[in-house]
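Accompanying notes for the structure given below.
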Amino acid sequence: MAVAAPPVREAQTASVDGVFETPAEVDALITDVEGQVPAGLVGALYRVGPGKLDLADHLFDGDGMVSAVHFGPAGEIRFRNRFVRTDKYLAELHATRPKVAGFGTRAAGGVLGNALRRPTTKNNAANTALLPLNGRLLALWEAGHPWQLDPDSLETIGEMDFNGALEARLPFSAHPHRDPATGEVFNFGMVYGPRNSVATYRIDAQGRLHHVAETRVPAPVLNHDFIITDRWLVFCLGPARVHLLPLLSGLASFGDSIHFHRDQATTVVLVPRDGGSATYIDAEPWFQYHFAGAFDDGDDIVVDLVRYPDYESINAPLKDFRHITAYQPEERLWRYRISPTRRSVEGHEVAPLSIEFPQVDPRRATGGYRVVYGACGSQGGALSGIARIDVSTGETDLHDFGDGHLASEPLFVPRPHSDAEDDGWLLALVYNPGRRAGDAVVLDARAPSAGPLCTAHLPVNTAVTFHGAWRDAR
Ligand SMILES: [Fe+2]
């Protein structure tokens, strides 16, 4: 059922305040559209992020809200958004204080309310990423199991464990990577305890989960993402160490129990894709949340990632997220060449631009690519633009939506009947401060600076979204 758009207020200043307001759930036919949907763009853009943040002390702790923008065959656009009905969402729906601990939010009740609490299904916010898998849609969180949704209605079906193949003690992280050549999906989970390890998984074309390895890691560190090549599962474990004493004693949140040790190495851990012994190589210390891509180059591995100088410089603005426009970004796209034979890791900055949520053409995710896309900082500091970076030259092309806008990760969708890299569109959600609501935008991937080909003004705030997925309906 279509509903009328709520009245919108003109922002007094270019502020992102409205992006943190909890939106209503709506189903709407979108008629307020600038430009035209490109012919051949038919499918659904799914995105997820922290839609309900009223109890959160950290941007990572809002309840997961999924938005779906459906581009129909006649150019029509439909929008639907739903919260994931996790245990956490239902427990806190009418609460005035946090009932469960999150990444950077402690539960109410002080030390007693937080001590000796391991992440369980009750903490899972299902707010980080989406994985379409064999007709299912999974909402993911870093330290828990997936929550399954109906891909059309977005109704919550429930938590899932791959028919028992995913043990209760093992998390299924929010950064699965699909091999375009084989259709396999790889993922991991960090395991903390007496023996710190990373568990790795392979999901076959039938959607069955298999364990690849459980690999020892040198320390309990925060690790959000990894990357795959034809031969390796690649982890870059920066010295952002989790200190278990303040966490387990209930004195600090998980996020505040992490400290970056500048005198320690980032350890590159290479896990063979078919399991077996890992290779460990120490490098200069850095911190990353996200990888853009990677590929094998002879015996070497080339990895592109968004590098931060440390953990604290990004965690502070994520805690103070309501003032995130004041954040002075320090993240940059870096390329590293990893040599298992020389046991070396050499890196350089690709472009002097602040960028996050990097993406590549998914058809080239393991086979070599030339272009990386991402949300980028521009005039205002925060992520108000979308950029295209040629990683071979560092050449950058970007569109800035303007002060107070907040752009999501751009997803690349190929143009039909073309297999050329970069020939397609970038799809993103952008918070529009003038309307205090979200816009769905489509840009030409080869020239973001030309501006949106199409802007669909959505009826609600679509919140900050971390990651998403495209379901092609052609
Ligand atoms: Fe992420």
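Looking at I258, I281, which is the one that is surrounded by fewer than 19 Cβ atoms within 10 Å (Cβ to Cβ) and among the β-branched types (V, I, T)? Working first, answer last.
Working: I258 fails: surrounded by fewer than 19 Cβ atoms within 10 Å (Cβ to Cβ).
Residue meeting the stated conditions: I281.
When Y89 is evaluated against the numbered criteria (1) crowded, with 18+ Cβ neighbours inside 10 Å; (2) out of contact with any Phe, Trp or Tyr (no Cβ under 9 Å at 6 or more places or on another chain); (3) among the hydroxyl-bearing types (S, T, Y), which criterion, by number, is the only one it fails?
Y89 satisfies every listed condition except (2).
Looking at (1) in contact (Cβ under 8 Å) with a residue 60 or more places away in the chain; (2) surrounded by 15 or more Cβ atoms within 10 Å (Cβ to Cβ), find the lone condition where S344 falls short.
(2)
I want to confirm something. Restricting to the stretch 306-353 and keeping residues that are β-branched (V, I, T) and under 19 Å from A240 (Cα atoms), which single residue is nearest to the chain's Cα centre (by Cα)? Steps first, answer last, please.
Step one: of the stretch 306-353, the residues β-branched (V, I, T) are 306, 314, 324-325, 338, 341, 345, 350.
Next cut, under 19 Å from A240 (Cα atoms) only: 306, 314, 345.
Details: V306: 12, I314: 15, V345: 25 Å.
It comes out as V306.
This table checks each residue for (1) farther than 18 Å from D152 by Cβ; (2) modelled with pLDDT under 95; (3) over 18 Å from the mean Cα position of the chain (by Cα); (4) of a type in the set (S, T, N, Q).
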residue: A44; (1), (2), (3), (4): no, no, no, no
residue: V48; (1), (2), (3), (4): no, no, no, no
residue: H58; (1), (2), (3), (4): yes, no, no, no
residue: S67; (1), (2), (3), (4): no, no, no, yes
residue: V84; (1), (2), (3), (4): no, no, no, no
residue: E92; (1), (2), (3), (4): yes, no, yes, no
residue: F103; (1), (2), (3), (4): yes, yes, no, no
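Can you name every residue in the stretch 294-305 that is more than 21 Å from the chain's Cα centre (by Cα) and either over 26 Å from S354 (Cβ atoms) or of a type in the set (D, E, K, R) (or both)?
D296, D297, G298, D299, D300
Might you check whether a residue that is touching a His at 6+ places or on another chain (Cβ under 8 Å) and among the basic types (K, R) occurs anywhere in the stretch 290-309?
no
Between a first residue in the stretch 197-219 that is farther than 16 Å from L170 by Cβ and a second residue that is basic (K, R), which pairs have beta carbons less than 9 Å apart while being 6 or more apart in sequence or on different chains?
G207/R136; A219/R241
Kindly evaluate L411 against the criterion of being at pLDDT below 95, within 16 Å of the ligand (Cβ to nearest atom) and either crowded, with 16+ Cβ neighbours inside 10 Å or acidic (D, E) (or both).
Details: at pLDDT below 95: no; within 16 Å of the ligand (Cβ to nearest atom): yes; either crowded, with 16+ Cβ neighbours inside 10 Å or acidic (D, E) (or both): yes.
So L411 does not fit the description; no.
Exactly one condition in (1) more than 16 Å from the ligand (Cβ to nearest atom); (2) crowded, with 21+ Cβ neighbours inside 10 Å; (3) polar (S, T, N, Q) is not met by N223; state its number.
Here N223 clears every test but (1).
Does F186 satisfy the condition of being within 16 Å of the ligand (Cβ to nearest atom), surrounded by fewer than 22 Cβ atoms within 10 Å (Cβ to Cβ) and under 20 Å from H210 (Cα atoms)?
Values: within 16 Å of the ligand (Cβ to nearest atom): yes; surrounded by fewer than 22 Cβ atoms within 10 Å (Cβ to Cβ): yes; under 20 Å from H210 (Cα atoms): yes.
Yes.
Identify all residues within the stretch 425-474 that are surrounded by 24 or more Cβ atoms within 10 Å (Cβ to Cβ), assigned to a strand (DSSP E or B) and within 16 Å of the ligand (Cβ to nearest atom); write none if there are none.
A428, L429, G468
Return yes when S313 is of a type in the set (S, T, Y), within 30 Å of A382 (Cα to Cα) and surrounded by fewer than 19 Cβ atoms within 10 Å (Cβ to Cβ) and no when it is not. Talk me through it step by step, then tell me what you get.
Numbers: of a type in the set (S, T, Y): yes; within 30 Å of A382 (Cα to Cα): yes; surrounded by fewer than 19 Cβ atoms within 10 Å (Cβ to Cβ): yes.
So S313 fits the description; yes.
List pairs: first in the stretch 166-181 and among the acidic types (D, E), second at pLDDT below 95 and more than 16 Å from the ligand (Cβ to nearest atom), Cβ under 7 Å, 6+ apart or cross-chain?
Note: pairs meeting the criteria are D179/T366.
Return the residue satisfying two criteria in turn: it lies in the stretch 128-181 and is away from the ligand (no atom under 16 Å from the Cβ) and surrounded by 22 or more Cβ atoms within 10 Å (Cβ to Cβ), and of such residues it is nearest to A473 (Cα to Cα).
Looking only at the stretch 128-181, we keep the residues that are away from the ligand (no atom under 16 Å from the Cβ), and these are 132-137, 145, 147-170, 179-181.
From what's left, surrounded by 22 or more Cβ atoms within 10 Å (Cβ to Cβ): 137, 145, 147, 149.
Details: L137: 15, H145: 28, W147: 23, L149: 18 Å.
Selected residue: L137.
Just give me the residues in the stretch 226-247 being within 15 Å of the ligand (Cβ to nearest atom) and under 20 Å from D296 (Cα atoms), in sequence order.
F226, I227, F235, C236, listed by residue number.
Assuming I324 fulfils every condition listed in (1) more than 15 Å from the ligand (Cβ to nearest atom); (2) aliphatic (A, V, I, L, M); (3) at pLDDT 95 or above apart from one, which condition is it?
(3)
Which of the numbered conditions does I314 fail, given that it passes all the others? Conditions: (1) within 16 Å of the ligand (Cβ to nearest atom); (2) in contact (Cβ under 8 Å) with a residue 40 or more places away in the chain.
(2)
Name the pairs whose Cβ atoms lie under 7 Å apart, with the first residue in the stretch 382-399 and among the hydrophobic types (A, V, I, L, M, F, W, C), the second surrounded by fewer than 21 Cβ atoms within 10 Å (Cβ to Cβ) and in a loop (DSSP other than H, G, I, E, B), and 6 or more positions between them or separate chains?
A382/Y327; V391/R370
Consider the stretch 277-293. How many of its residues are within 21 Å of the chain's Cα centre (by Cα) and more than 16 Å from the ligand (Cβ to nearest atom)?
Result for the stretch 277-293: 1.
The values are calculated or read from the model by the stated rules, or taken from the named source; none is laboratory data. Fair warning: this is a prediction, and the values are worked out from it, not measured in the lab. With ideal geometry, Cβ positions are generated from the backbone for all residues, glycine too; neighbour counts draw on all protein chains shown.
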